[in-house]
Amino acid sequence: AQRVTQPEKLLSVFKGAPVELKCNYSYSGSPELFWYVQYSRQRLQLLLRHISRESIKGFTADLNKGETSFHLKKPFAQEEDSAMYYCALKGAGGTSYGKLTFGQGTILTVHP
Amino acid sequence: NAGVMQNPRHLVRRRGQEARLRCSPMKGHSHVYWYRQLPEEGLKFMVYLQKENIIDESGMPKERFSAEFPKEGPSILRIQQVVRGDSAAYFCASSPQATGELFFGEGSRLTVL
């Protein structure tokens with residue numbers, strides 16, 4: 001069974017501090033991992049995906065298969081990063097399409 | 001491109017009534033997904049549709065719930081004989097291909113009295 005765990009429901013940091021949002025997953029094969037973000041009064045949108053290996057808005061995330069983790073990191077948080085962040089997993093194989101398993105989300109608050 | 005459009009944004013129903021939620025995918029997107037978010041929980045997959053076909057409904061409750069995506073018009077998520085436990089936010093998402101990169105609507109919040 002697929003499972004995504006985001007252990008922190010709330011995370012608060014000060015502007016300029018590093019931030020790490022934790023995500024652990026359970027899946028027997030080789031999954032695809034994603035981070036989605038929902039800013040205040042906006043719709044849920046894709047932030048980044050592990051296969052792209054890119055940095056979006058200063059955020060990066062590395063898939064660690066040994067630790068089954070996909071933590072989201074940013075070295076210097078900004079106030080505009082305050083949002084709800086969801087980690088999501090897509091199983092491998094042709095039948096997984098857009099069937100994502102989401103974590104419960106982490107509300108990030110960046111204080112001035 | 002207006003994005004994924006969902007309506008109504010808010011819907012209130014009494015127990016036993018029917019709820020119909022509509023979703024128009026982004027232009028050019030033929031893959032539609034419905035997710036449900038119960039209070040204090042993450043989004044849960046319900047159903048995946050392409051035009052006139054239900055591809056995967058493994059996340060749909062076996063009774064009272066149905067979904068369609070007709071050749072013309074929006075996708076519809078229908079809940080018959082609603083109960084209080086159906087109160088949730090229902091999100092529609094679309095994608096141009098069968099990938100994990102989904103474009104979400106703003107959601108429809110159903111409240112069952």
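Each value in this text was obtained by applying a stated rule to the coordinates, not by laboratory testing. Treat the numbers as computed from the prediction; the structure is a model and nothing was measured. Neighbour counts run over all protein chains shown; Cβ positions are idealised from the backbone, glycine included.
Residue by residue, the stretch A:17-23 carries 3J(HN,Hα) couplings of 7, x, 9, 9, 9, 8, 8 Hz when phi is fed to the Karplus relation 6.51 cos²θ - 1.76 cosθ + 1.60 (θ = phi - 60°); x denotes Gly or Pro. Over the stretch B:4-113, Cα pairs under 8 Å with separation of 6+ residues give a relative contact order of 38 percent. For the pairs A:Lys73/B:Lys27; A:Lys9/A:Lys65; A:Lys90/B:Lys62; A:Lys99/B:Lys51; A:Lys65/B:Lys62, note any where the Cα-Cα span goes beyond 27 Å. Distance filter (> 27 Å) returns A:Lys73/B:Lys27; A:Lys65/B:Lys62.
In chain A, which longest range has no chymotrypsin sites (Phe, Trp or Tyr not before Pro) that are both DSSP loop (not H, G, I, E or B) and surrounded by at most 13 other Cβ atoms within 10 Å? If you can, show how the numbers build up before the last one.
Values: sites that count: A:Tyr39, A:Phe76.
Of all site-free stretches, the longest is A:1-38.
Sparsely packed loop sites in the stretch B:56-85 (the GluC sites (Glu not before Pro) outside DSSP H, G, I, E and B with at most 11 other Cβ atoms within 10 Å) comprise B:Glu63, B:Glu72. For the protein assembly as shown, the Cβ-based charge dipole about the Cα centre amounts to some 540 debye (Lys, Arg positive; Asp, Glu negative; other atoms uncharged).
The stretch B:15-47 and the stretch B:72-92 have their alpha-carbon centroids 7 Å apart.
Counting Lys and Arg as +1 and Asp and Glu as -1, each charge on the Cβ, what is the dipole of chain B about the Cα centre in debye, to the nearest 20? Kindly include the intermediate steps, with their values, before the conclusion.
On the way: 16 positive and 12 negative charges, 94 e Å.
Using only the charged Cβ atoms, the result is roughly 460 debye.
Evaluating 6.51 cos²θ - 1.76 cosθ + 1.60 at θ = phi - 60° for every residue in the stretch B:51-57, the Karplus couplings come out as 3, 6, 9, 9, 8, 8, 10 Hz, glycine and proline recorded as x.
Amide H contacts for A:Glu8 (H built 1.01 Å from N in the peptide plane; partners 5 or more residues away or on another chain; cut-off under 5 Å): A:Lys22.
If you put +1 on each Lys and Arg Cβ and -1 on each Asp and Glu Cβ, how big is the dipole of the stretch A:1-94 around its Cα centre, in Debye rounded to 20?
Details: 13 positive and 9 negative charges, 38 e Å.
Roughly 180 debye for the stretch A:1-94.
Near the amide H of B:Gly42, within less than 5 Å, lie no amide hydrogens of residues on another chain or at least 5 residues away, with H placed in the peptide plane. Our coupling estimate for the stretch B:96-113, obtained by passing each phi through the Karplus curve with A = 6.51, B = -1.76, C = 1.60 and θ = phi - 60°, is x, 9, 7, 10, x, 8, 9, 10, 9, x, 7, x, 10, 9, 9, 10, 10, 8 Hz, Gly and Pro reported as x.
Only one residue of B:Pro70, B:Gln37, B:Ser87 has its Cα farthest out toward the positive end of the dipole of chain B, where Lys and Arg carry +1 and Asp and Glu -1 on Cβ, and that residue is B:Ser87.
In a DSSP loop and with at most 14 other Cβ atoms within 10 Å, the GluC sites (Glu not before Pro) in the stretch A:57-87 are A:Glu67.
Output the relative contact order of chain A, whole-number percent, from Cα pairs under 8 angstrom with separation of 6+ residues. Kindly include the intermediate steps, with their values, before the conclusion.
On the way: 271 pairs, mean separation 42.7, N = 112.
That works out to 38 percent.
When the protein assembly as shown is described by a simple charge dipole with +1 on each Lys and Arg Cβ and -1 on each Asp and Glu Cβ, the residue from A:Gln38, A:Pro18, B:Gly107 located farthest towards its positive end is B:Gly107. A convex hull fitted to the Cα coordinates of chain B yields 95 cubic angstrom per residue. Restriction of the trypsin sites (Lys or Arg not before Pro) in the stretch B:33-106 to DSSP coil positions whose beta-carbon has at most 10 other beta-carbons within 10 angstrom yields B:Lys62, B:Lys71.
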